[in-house]
Amino acid sequence: MVEYSQILQNLEFINISNDEFTIFEWKPPRSYKSFILDLNIVKQNPVSNIFFHIFKGNMKIVHIRINDLIYTAGSTNQVQFQLLEALIEKVSIEFNIKYDVESYITYGNFSTTQFNSFNKNIEDIIAGFNELGTVRELKVPCMVCNTVLPIIVKKSFIENAESYPVPLVYTHNGHAILCFIDKNYDVRGVELVNITG
Ligand SMILES: [Zn+2]
């Protein structure tokens, strides 16, 4: 059993913003780091409903814009992007259940302190992440590393796919493999792919 809650101890921050300002931010206890420069870059991306990944030194940052709110999570490199995506999906759902954010923003009569209690929700999501069952770990052989890699996939990514098997690229140690995953989370093929950018 993979201890996702343990892996998520490597989180650096979770931020919820609109285009103007931060509405909510969670950081681990005793973290005084500021991610304002990263968040400014994230806000410049106008595209909605698609997850974006940023590699930054020894950090990974994932962000998505949904209904004019921007959800961002940052972690050390140990955390796979799909796990960060699954975390953001859960955070965005809970945040919108707990708060009618849209009407707060429309009427402008709110103080961000009213979202402080969401820190407890974040801690509960992290602590209970295994029980959520939103991700699975697959074992995928890499012909370059000559080893079997643990790759985390979001269940929503497989279950909402338009066709099967679903392709997934896993970039690691300067190279990438393309794996094909079927409905039952079986890996149906693995290829080495070239990367550019
Ligand atoms: Zn490899």
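The values are calculated or read from the model by the stated rules, or taken from the named source; none is laboratory data. Please read these numbers as outputs of a predicted model, since none were measured by experiment. Cβ: placed from backbone, ideal geometry, glycine included. Neighbour counts: every protein chain shown.
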Query raised in the report: Which one is nearest to residue 139 (Cα to Cα) among residues in region 170-194 that are β-branched (Val, Ile, Thr) and away from the ligand (no atom under 12 Å from the Cβ)?
Result: 187
Query raised in the report: Do we find a residue being within 16 Å of the ligand (Cβ to nearest atom) and touching a helix residue (DSSP H, G or I) at 6+ places or on another chain (Cβ under 9 Å) anywhere in region 123-141?
Result: no
Query raised in the report: Which condition breaks for residue 102 when tested against (1) acidic (Asp, Glu); (2) touching a residue at least 24 places away in the same chain (Cβ under 8 Å); (3) in a strand (DSSP E or B)?
Result: (3)
Query - Enumeration of residues in region 90-99 that are more than 18 Å from residue 9 (Cα to Cα), out of contact with any Phe, Trp or Tyr (no Cβ under 7 Å at 6 or more places or on another chain) and in contact (Cβ under 8 Å) with a residue 12 or more places away in the chain - result: 94
Requested in this report: Please verify whether region 108-119 includes one or more residues that are assigned by TED's automatic domain parsing to the domain that holds residue 16 and either within 14 Å of the ligand (Cβ to nearest atom) or over 22 Å from residue 71 (Cβ atoms) (or both).
Outcome: yes
**Report entry** strands (runs of 3 or more DSSP E) within region 17-80 that include 1 or more residues of a type in the set (Gly, Ala, Ser)
**Finding:** 69-76
